[in-house]
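Below is one structure, written out as structure tokens; the observations come after it.
Taken together, the values in this text are just the output of simple stated rules run on the coordinates, not laboratory data. Being a predicted model, the structure only gives us computed values, none of them experimental. Every residue, glycine as well, gets a Cβ built from its backbone with ideal geometry; the counts of neighbours run over all protein chains shown.
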Amino acid sequence: MKILTLYNNGRSVAFGDIPQTTDYQEFAQYVHEAMANDTYHCVSYFGYPNADALQLIMCLANDTNGTIEVSSFALKEKSCPSLKIRAIDRFEREIAENFGIEFEGHQWPKPVRTAPDDYPFYRADDEELHEVGVGPIHAGVIEPGHFRFTCEGETILNLEIMLGYQHRGVEKLMLEKPLLSQKAMLAESVAGDSAVSHGIAFATNYEALCDYQIDERAAVERMIACELERIAIHTGDLSAICGDVAYQLGNAVYGRLRTPIINFMQKWCGNRLGKTMVRPFEAPYDLTPELIADLHTTLNAYEKDFTQMSNKIKRCPSVLSRLERTGTVTREQAVEIGAIGMASRASGLLRDIRSTHPYLKYEGQVKPVVKKHGDVYSRTQVRIEEVYESLALIRKLVDNLPVAQVSHTDEPQLQANRFALSLVEGWRGEICHCAITDNSGKLALYKIKDPSFHNWDALELAVRNNEISDFPICNKSFNLSYCGHDL
Amino acid sequence: MLSFALIILASLFFSGLIVRTKSICAGRKGPGIFQPLKDVRRLFKKGTVYSTSTTFVFRIAPLIYAASVLMACACIPFGGKPGLIHFEGDFVFFAYVLSLGKFFCIIAALDATSSFEGMGASREALYSMLAEPAFFLIMGSISLISGHTSFVDIFANLNSYGDAFHIGATIVMAVILLIIAMVESSRLPIDDPKTHLELTMIHEVMILDNSGFDLGLILSTGYMKFAMYGALIANLFLAGPLAMSIGIFFLVQAVCAIAIGITESFMARFRMNHNPEFIFSVAAAALVLVFSIMQFS
């Protein structure tokens, strides 16, 4: 089996270099061998209609040597055997949904993004069991999604999540919208809480397709923005976790602490969520010395209160009793479903693109936080410690900002027949953007994968045998994106 | 009559005081003390919407609930002055008239045929069932101390400010009664009245389908129930001339509200399966109290 080895370095390759096989056996064997242990994980698997066949492109990331292996299979029929790998199941479902391909022997052949009325829910007909359906419209300010619980009394036996209510056709719009600014805005809207991360993934990808490298200062500024986003969202999530266990003090203090961070984003780029912060080929908002001084003041004040509150949580028995041993995802389960990002690190599985597949200037800058237990408390701890990690990194970066180079005057153009893949570690986990250009140098395919795509499975596993009243806290500990999944 | 009027008066500020305490503890400005009242007034002006799946049970339940709490309030004396309703063993009547109201709340929740409300109803039924022994043990121990079986005689003959043992016993009773009040009124650490998450709710989820006037009635009844338990606790401490008694009454009510507010600010709620253990331990504490009273007095 021939494979193409890439690095997450913002370079594109000729599309024709992606090896293509017509032997499914060979393809499946390669994937099975790679996915047999936890060295590899699947970053993307998608279909691209090419000539008379559907080219199924498989991108596997090797977490030990920082490579990304790309291979493909040309599917000429309307059906093929399923790979039967849990971590790839959802990708197959997506291909089935988009191209009407039947994956024979697929264990969970259900729609991913269409949310039909006759969705085939898993059912357990028993007098002793009862079903609780929650959503798609929920109380509070959250996105739509349907949760179907099968319970025995207060205990959850099974949870099935039906998503797709937020499907906007982002990938299609990406090809249709003519202006670069429109495309960038679309990328930022994939998931509103990861605007900067998705912005970086898009920009890197687009620059790779244009064979353009941004200067060091712009790269470092992108890192700072991304880490600020991580701090802001982690803090907001900590506040929400406290709120869900009715711990008012934590809810109030963390809630307040998020504000100065996002207010700084507003001062920097004019938007509290960091929209328009990242644009291809440029750094639209310079980090001026005044802003840097402001940032230091903000972070110092933030860290003092954050430390005080975090120490308090660690010593508050009523909070700990709610978080510990709740919503556990074991390491084996995390490997099986291909969990990534923060959720995987809380289960003892080191998956952090910043350290395994460094991009921008991340090389050697981050020591990933890994916890063992995989419960809600582990995910809380990962958040707390990652905030410290990000604080240290931001301080280091702003103190050593490189000088800006003179930028190009004319906008670089997309090159024809290229393939680019960019991985970015957002606060939730690995974001993957893939793009292919056609003969005329236009985007022919744009594929987005938000970490939620993998991690919704983790939530389904986490709540099993927990009390139904603990579902909200489990859900909040992951805080997955509905629109990032639905696209 | 006096106690009934005072309970109504206290119910006007009790909930507001809890909310105010919580917002001050959280460093927020928070709403005024009479905000809950304003909410209720707004609800009273609104029309009521009934789900088509409900029957007459759903419509009469809020009224019966309110009536039951009013009746219970009428049983509460003020020191040596009897309440509107009084007879030997009226505390049993008090407990079960409250249960009647709760029973109607529960079947109304089931009547709404929503999966959430059934869940809340079963939780509410379980916790009030567990809290019942604690209440009777407390009442039993007070009647043991006083040697009487009706509210007014009990409180008239209760020598709370006697020796150290009596003072101690009274304080323990007050704390246990306060915890029972928190369980019955669905406060932390049993329930979280502030949450928007249906799956974790107990009381709030039962009244999801109620709206307008009915909801206003249920909320104001809740405030009254609080003040009623506050009055019961206050009765343990009443002493001196009338003016002083009234002062003590409001002081005790305010202390109870602030104590609840502070508890809710600095702790998380229990995991659902710890609630029965907690309520049982309250009943156990009450039992210890009964035995020590039998032993020492």
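Counted by Cβ distance under 11 Å from A:Lys372, the other residues give a net charge of +2, where Lys and Arg count +1 and Asp and Glu count -1. About its Cα centre, the dipole of chain B is roughly 1020 debye, where the only charges are +1 on Lys and Arg Cβ and -1 on Asp and Glu Cβ.
Label-to-label distance, B:Leu2 versus A:Gln182, with points set 7 angstrom from Cα along the beta-carbon direction: 8.0 nm.
Relative to the dominant Cα principal axis of chain B, helix B:115-146 is inclined by about 10°.
Were the residues from A:Asn98 through A:Gln405 laid out at 0.36 nm apart, the gain over their Cα-Cα distance would be 106.2 nm. Subtracting the Cα-Cα distance of B:Phe250 and B:Ala125 from 0.36 nm times their residue separation leaves 41.9 nm of extension gain. Of the residues A:Phe73, B:Phe44, the one with the fewest other Cβ atoms within 10 Å heads the list, and the complete ranking is B:Phe44, A:Phe73.
Sorting B:His148, A:His433 from the fewest to the most surrounding beta carbons within 10 angstrom yields B:His148, A:His433. Between B:Ile167 and B:Phe278, the FRET efficiency estimated from the beta carbon spacing at R0 = 22 angstrom works out to 0.25. Please compute the contact order of the range B:100-233 in relative form: average sequence separation of alpha-carbon pairs under 8 Å and at least six residues apart, divided by the residue count, as a percent. Relative CO of the range B:100-233 lands at 29 percent. Could you name the aspartates and glutamates in cross-link range of A:Lys275, using Cα to Cα under 13 Å and dropping any fewer than eight places away on the same chain? List returned: A:Glu188, A:Asp193, A:Glu229. Were the residues from A:Gln29 through A:Asp52 laid out at 0.36 nm apart, the gain over their Cα-Cα distance would be 5.9 nm. Between A:Thr64 and B:Phe56, the simple label model (points 7 Å from Cα in the Cβ direction) yields a spacing of 7.6 nm. At an R0 of 30 angstrom, the distance between the Cβ atoms of A:Gln213 and A:Lys367 translates into a FRET efficiency of 0.65. Go ahead and collect, in residue order, the members of the range A:230-248 whose backbone nitrogen is under 19 Å from a label point 7 Å along the Cα-Cβ direction of A:Thr307. Answer for the range A:230-248: A:231-232, A:235. Compactness of the range B:2-296 is given as radius of gyration and Dmax, 18.7, 61 Å, from Cα positions. Cβ crowding within 10 Å ranks A:Ser72, B:Ser146 as B:Ser146, A:Ser72, fewest other Cβ atoms first. Axis of helix B:90-111 versus longest Cα principal axis of chain B: the two differ by about 10°, to the nearest ten degrees. Under 5 Å between amide hydrogens, built in the peptide plane, is the criterion, and for A:Asn50 it picks out A:Gln55 among residues at least 5 positions away or on other chains.
In order along the range B:190-205, phi translates into HN-Hα couplings of 7, 10, 10, x, 8, 5, 9, 8, 4, 5, 9, 6, 10, 6, 4, 6 Hz, rounded to whole numbers, per the Karplus curve 6.51 cos²θ - 1.76 cosθ + 1.60 with θ = phi - 60° and x for Gly and Pro.
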